[in-house]
Amino acid sequence: MKAKKRSGSVVVGSFLCGALFFSGLGYAASTQIEVNLEKLSFYVKGKQVENAEGEYSNNGTVVPEAFVYQGTTYVTLRQAAELVEQPLYWDGLSRSVSVGHPTVVLYDLRGERIGHAELIPEKDGVKVILEVSGLPPGTHGFHIHEKAFTGMDLASAGGHFNPEGKQHGHNNEAGAHLGDLPNLEVGADGKGRVEYVIPGAALDGGSHSILGRSLIIHAAADDGKSDPAGNSGDRIAGGIIPQ
């Protein structure tokens with residue numbers, strides 16, 4: 001049987017998973033830990049990586065996906081990511097690891113996955129490419145909010161990310177928030193896509209960094225001017241930006 005040729009993304013994903021397994025063995029030998037075999041999701045530059053069996057393995061041996069020590073989950077991948085010269089991001093809500101740039105996994109209020117958003121560093125900001133399905137047809141406001149929400153309590157994400165103290169809306173003379181994004185159009189099939197560069201945003205952990213914050217989708221359209229949130233209605237979906 002001929003060996004299948006693997007893409008670069010699969011090779012990176014497999015390497016990182018193998019590194020997780022072997023680095024965990026040494027740690028387990030000297031420390032009391034709990035092995036968590038719940039599956040992780042891996043994204044390499046926005047593309048989900050999975051083998052044909054739907055789980056990662058090391059030469060046929062199932063790989064422990066994470067370790068819990070004193071109540072904290074450790075994913076021992078960052079050093080491995082440095083070896084392949086790729087940044088790595090972790091989101092505890094979706095149990096997802098992003099390699100290359102952050103991928104936000106989006107959920108509705110029932111906790112069902114409805115899509116994802118890639119966040120790609122650009123010269124003058126961060127490009128967001130959002131794709132969703134299963135949302136009510138129509139126009140929906142969506143924004144970067146100031147902090148990560150807890151559970152599926154989207155209200156806990158706080159207000160819009162606004163490091164410069166401006167008012168809301170790109171049509172507001174005193175605006176806009178850094179977290180103000182264009183409306184998302186969802187078709188009759190429940191699907192929507194938007195691509196936009198967020199001016200001034202960063203992925204560097206500084207004052208304008210959006211890492212560790214939330215991306216929230218609202219029930220109604222954002223009017224682009226009403227402070228503080230554009231009359232965009234209830235929060236109906238969202239995801240946490242990995243860091």
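Some observations on this one:
- Neighbours by Cβ (under 6 Å, 6+ apart or cross-chain): first from the range 164-188, closer than 9 Å to Lys225 by Cβ; second in a strand (DSSP E or B) and open to solvent by 50 Å² or more (accessible area, probe 1.4 Å): Gly175/Gln167
- Of all residues making up the range 182-200, the number that are part of a loop (DSSP other than H, G, I, E, B) and open to solvent by 10 Å² or more (accessible area, probe 1.4 Å): 7
- Some residue of the range 142-154 being open to solvent by less than 50 Å² (accessible area, probe 1.4 Å) and farther than 23 Å from Arg113 by Cβ: no
- Lys225, sole failed condition from (1) assigned to a loop (DSSP other than H, G, I, E, B); (2) among the basic types (Lys, Arg); (3) surrounded by fewer than 17 Cβ atoms within 10 Å (Cβ to Cβ): (3)
- Every residue from the range 106-155 that is β-branched (Val, Ile, Thr) and farther than 23 Å from Phe42 by Cα: Thr139
- Of the numbered criteria (1) touching a Ser or Thr at 6+ places or on another chain (Cβ under 6 Å); (2) buried (at least 21 other Cβ atoms within 10 Å of the Cβ); (3) not in a strand (DSSP E or B), the one His177 fails is (1).
- Residue check, Gly212 within 19 Å of Pro121 (Cα to Cα) and either open to solvent by 60 Å² or more (accessible area, probe 1.4 Å) or small (Gly, Ala, Ser) (or both): yes
- So Leu130, is it under 13 Å from Ile241 (Cβ atoms) and either open to solvent by 10 Å² or more (accessible area, probe 1.4 Å) or more than 19 Å from the chain's Cα centre (by Cα) (or both): no
- Selection count where residues are assigned to a loop (DSSP other than H, G, I, E, B) and touching a residue at least 12 places away in the same chain (Cβ under 8 Å), scope the range 205-222: 11
The values are calculated or read from the model by the stated rules, or taken from the named source; none is laboratory data. Source: prediction; values computed, not measured. In this analysis, Cβ positions are derived from the backbone assuming ideal geometry, glycine residues included, and neighbour counts consider all displayed protein chains. Just so you know, the surface numbers come from the protein's heavy atoms only, side chains and all, with ligands and any DNA or RNA stripped out. Shrake-Rupley method; radii C 1.70, N 1.55, O 1.52, S 1.80 Å.
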